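The values are calculated or read from the model by the stated rules, or taken from the named source; none is laboratory data. Every value quoted in this text rests on a predicted model; they were computed, and no experiment measured them. Using ideal geometry, Cβ is built from the backbone for each residue, glycine included, and neighbour counts are taken over all protein chains shown. When the accessible area is computed, the model is the full protein with side chains, heavy atoms only, and any ligands, DNA or RNA have been set aside. Shrake-Rupley method; radii C 1.70, N 1.55, O 1.52, S 1.80 Å.
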Amino acid sequence: LLLIMSMATRSVDSSSCFVQQPWKNTRPLLHIVDPCTRISDCESGCLAANVCDAYVFSSTKCALFGVESGRRQVCVPTPAPMLWQRTPASTATPAPATTTTTSTTTT
């Protein structure tokens, strides 16, 4: 857990599918990707897993997490470590394509 929390203190650029948030509540650890050298690989892994809601990335590892439990972590350092959480737009189901049909009737 300390390793994962130390990974969460790094700040890196992320895509618009994720926002950086303080990590204060417990979350289930889904998977650790090791090695992982690019943040884009970490994000892709999280987006590919429907149950992944957030990730923490360091220069060599990526930890994927599920939805937070709402329970506060027992020991949260100050300042709280940061994680990248999915934005609502990244989980939205695309709207079905619409088509317009025109018909003519003659009498």
Condition met for Val56 (of a type outside the set (Ser, Thr, Tyr), open to solvent by less than 10 Å² (accessible area, probe 1.4 Å) and touching a strand residue (DSSP E or B) at 6+ places or on another chain (Cβ under 6 Å)): yes
Residue within the range 86-96 that is surrounded by 15 or more Cβ atoms within 10 Å (Cβ to Cβ), at pLDDT 90 or above and out of contact with any helix residue (DSSP H, G or I) (no Cβ under 6 Å at 6 or more places or on another chain) present: yes
Members of the range 27-49 that are assigned to a loop (DSSP other than H, G, I, E, B) and surrounded by fewer than 16 Cβ atoms within 10 Å (Cβ to Cβ): Pro28, Asp34, Pro35, Thr37, Arg38, Ala49
Filter pass, Leu64 being surrounded by 14 or more Cβ atoms within 10 Å (Cβ to Cβ), more than 9 Å from the chain's Cα centre (by Cα) and either among the basic types (Lys, Arg) or under 18 Å from Ser90 (Cβ atoms) (or both): no
Any chance Thr78 is at pLDDT 80 or above, out of contact with any strand residue (DSSP E or B) (no Cβ under 9 Å at 6 or more places or on another chain) and loosely packed, with under 14 Cβ neighbours inside 10 Å: no
